[in-house]
1. When ligands, DNA and RNA are left out and all protein chains stay put, how many square angstrom of accessible area per residue does the chain have with a 1.4 Å probe?
2. State the percentage of accessible surface on the chain attributable to carbon and sulfur atoms; use a 1.4 Å probe and exclude ligands, DNA and RNA.
3. Among L46, I227, S251, whose Cα lies farthest out toward the positive end of the dipole of the chain, if unit charges sit on the beta carbon of Lys, Arg (+1) and Asp, Glu (-1)?
4. What's the magnitude of the charge dipole for the chain around its Cα centre, counting Lys and Arg as +1 and Asp and Glu as -1 at the beta-carbon? Answer in Debye, nearest 20.
5. Just report the Cα centroid separation between segment 84-152 and segment 154-177, whole Å.
6. Tell me, Kirkwood radius of the chain from alpha-carbon pair distances, in Å?
7. Quickly work out the R226-to-D115 label distance, labels modelled 7 Å from Cα along the C-beta direction, and quote it in nm with one decimal.
8. Okay, helix-only estimate at 222 nm for the chain: each DSSP H run of n ≥ 4 adds -39500 (n - 2.57), divide by all residues, round to 500 deg cm²/dmol; what do you get?
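The values are calculated or read from the model by the stated rules, or taken from the named source; none is laboratory data. Note that the structure is predicted; figures quoted are calculated from it, not measured. All Cβ positions, even for glycine, are placed from backbone atoms using ideal geometry, and neighbour counts span all protein chains on display. Areas reflect the complete protein model, heavy atoms only, side chains present, ligands, DNA and RNA absent. Shrake-Rupley method; radii C 1.70, N 1.55, O 1.52, S 1.80 Å.
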Amino acid sequence: MSARVAVVTGAARGIGAAVVDQLAGAGWLVVASDICADNAALPYRLASRDDLEAVAEPYGDAVLPVVADVRDAGAMKDLVASAVRKYGGVDAAVAAAAVIAGGVPLWELPDDSYDALFDVGVRGVHNLARAAVPAMLERPTPRTGRFVAVASAASERGLWHLATYCSAKHAVVGLIRGLAADLRGSGVLASAVAPGSTRTDMLAATAALYHLGSVDEFAQHQLTDRILEPAEIAAAVAWLCSPAASAVTGSVLNVDGGFVG
């Protein structure tokens with residue numbers, strides 16, 4: 001059986017990087033993508049090209065690092081085309097690119113922060129789906145394609161001074177449920193994971209918005225009494241991409257340490 005092929009966005013660090021590790025470690029061929037540039041609307045640094053290449057380096061030719069912006073529909077089409085050229089097709093796409101902004105009431109959030117949250121966190125998922133799903137539908141039947149988006153526990157619960165982030169993640173859930181309906185009977189499945197507070201650079205940026213001294217202060221909201229690790233979220237994503245998840249579509253898998261309850 002030939003290796004399966006995945007495209008992963010937001011792959012230079014955090015949950016996206018952990019997804020690359022999980023899939024490549026399990027024998028997948030992966031195109032790992034990230035913008036590798038900062039965003040002037042955000043008060044923290046994004047991942048670099050060096051970060052992306054460090055994720056890919058341990059896997060040699062099995063992981064192809066590609067700098068691409070999820071906000072650009074053409075870039076996502078080129079990204080998927082690179083997977084087809086390099087590895088022969090696409091079997092899964094994981095939309096892990098996201099940003100955080102907020103720290104103020106909804107009515108005080110700057111327009112550019114709103115745009116960043118929706119352009120990366122929602123339009124980015126939309127753009128990847130529009131590029132990757134047709135490639136998965138080109139696979140011969142019986143198809144086993146998977147589209148997985150990283151949502152958030154914030155999609156199910158309002159968080160103080162993060163109203164727009166919550167609404168963006170809620171939009172991701174709606175997109176996935178609608179996409180799953182569009183894919184009915186095709187053999188390609190669409191689902192999402194909703195992480196709780198996970199030890200990433202984005203969580204550190206969230207702690208800074210709340211003027212917290214440590215991300216560990218978020219642990220009190222989870223029944224695990226600890227911050228989750230990116231590998232734990234990635235394990236759920238990898239399962240959703242596997243044959244074992246053949247009955248899961250249009251669903252949101254909470255991997256939140258009991259945050260939502």
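1. Accessible area per residue, the chain: 44 Å².
2. Here it works out to 53 percent.
3. Going by the Cα projections, it comes out as S251.
4. 980 debye
5. 14 Å
6. Answer for the chain: a Kirkwood hydrodynamic radius of 18.1 Å.
7. The modelled label-to-label distance comes out at 4.2 nm.
8. -11500 deg cm²/dmol
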